Amino acid sequence: MNMKKIIKFFAMTYLITWTAWGLRAILTSLDIINANSIIAWLIYGIGSLGPTITAISMIEDKSLKGISNFIFNHNKNTIGYLLFFSILYSSAFYFSSFTIVEGQSIIMAPILFIVMLIIGGGNEELGWRGIVQPELEKKFSTFVSSIIISVPWSLWHLPFWFTKGDSHVGLPFLLFYVSILLLSIMLGAIRKRTNSIFYCAILHAVFNVVSTLIVYEFNIILISGYIIALVSSYIFSHMPEKKKEENEIIEELN
């Protein structure tokens with residue numbers, strides 16, 4: 001495990017993100033801008049690219065092909081893992097309440113998904129699962145690595161709680177961490193089984209879209225969904241590797 005590489009990633013990521021999001025927090029607290037204004041969203045977008053920019057700066061092949069392969073490479077016949085977690089999480093959320101968030105429309109889901117994929121979460125996976133997870137897995141299991149990642153990943157979001165008008169204000173951070181922990185474990189399993197950063201980005205975007213559009217209630221349905229997700233993630237993370245010829249990586253640009 002290259003600890004220097006991990007520290008470098010976190011240092012650069014936090015510097016980029018907290019500089020932008022810190023500015024957003026200051027400007028909103030002084031009532032210079034509104035948290036939902038165009039300027040505030042632009043600043044948010046810049047900050048959200050912290051893990052993305054850092055990850056790309058750290059890969060060896062920075063050519064267009066190299067970056068594309070880094071993002072889109074994946075193991076054969078593994079999309080089922082992505083579909084499983086996407087359907088499980090969406091179903092658990094929806095069936096826990098059967099309610100759409102007031103003022104939201106399910107029709108906006110495709111557009112919202114694209115936004116979440118590019119700057120609203122999916123883009124982060126180049127760093128968390130693309131750079132950090134492989135390094136941690138040199139010393140720890142996938143499951144443990146995912147738990148470790150959940151801590152700095154959740155703390156990375158802290159500026160939101162100091163931003164006046166942000167939707168995170170008032171949300172107990174512990175509750176937020178639990179959701180991050182669950183997502184980190186699912187994403188870790190996806191990365192392990194599929195070797196795909198893009199699949200992780202898709203699942204992250206689905207998670208954020210569902211969380212934005214659907215009202216969830218902590219009942220037996222949601223809890224059951226979480227338990228199934230955790231158990232499945234643990235099983236997938238510890239499944240034996242397939243033979244090399246069965247686990248061939250597809251390079252999208254070839």
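The values are calculated or read from the model by the stated rules, or taken from the named source; none is laboratory data. Just so it is clear, the structure is predicted and the values come from calculations on it, not from any experiment. Note that each Cβ is placed from the backbone with ideal geometry, even for glycine, and that neighbours are counted across all protein chains shown.
Under 26 Å from S96 (Cα atoms) and surrounded by 15 or more Cβ atoms within 10 Å (Cβ to Cβ): does that describe I214? Taking the combined requirement at face value, the residue satisfies it. Considering V115, V144, the condition of being under 24 Å from F236 (Cβ atoms) and out of contact with any helix residue (DSSP H, G or I) (no Cβ under 7 Å at 6 or more places or on another chain) is satisfied by V144 alone. Restricting Y226, Y234 to those that are surrounded by fewer than 23 Cβ atoms within 10 Å (Cβ to Cβ), part of a helix (DSSP H, G or I), among the aromatic types (F, W, Y) and at pLDDT below 95 reduces the list to Y226. A search for C-beta distances below 8 Å between a residue of segment 67-79 that is in a loop (DSSP other than H, G, I, E, B) and any residue that is among the charged types (D, E, K, R), counting only pairs 6+ apart in sequence or on different chains, returns N73/E251; N73/E252; K76/E246; K76/E248; T78/R193.
Of the residues making up segment 145-179, those that are in contact (Cβ under 8 Å) with a residue 12 or more places away in the chain, in a loop (DSSP other than H, G, I, E, B) and not hydroxyl-bearing (S, T, Y) are W156, H157, K164, G165, D166.
Okay, residues lined up against (1) surrounded by fewer than 18 Cβ atoms within 10 Å (Cβ to Cβ); (2) under 19 Å from the mean Cα position of the chain (by Cα):
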| site | (1), (2) |
| --- | --- |
| G45 | yes, yes |
| L49 | no, yes |
| T52 | no, yes |
| E60 | yes, no |
| I71 | no, yes |
| L82 | no, yes |
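Would you check if L182 is without any contact (Cβ under 8 Å) to a residue 60 or more places away in the chain and within 26 Å of F72 (Cα to Cα)? It is true that L182 is without any contact (Cβ under 8 Å) to a residue 60 or more places away in the chain and within 26 Å of F72 (Cα to Cα). Taken over segment 172-230, the residue count meeting the criterion of being within 20 Å of S48 (Cα to Cα) and more than 16 Å from the chain's Cα centre (by Cα) is 1.
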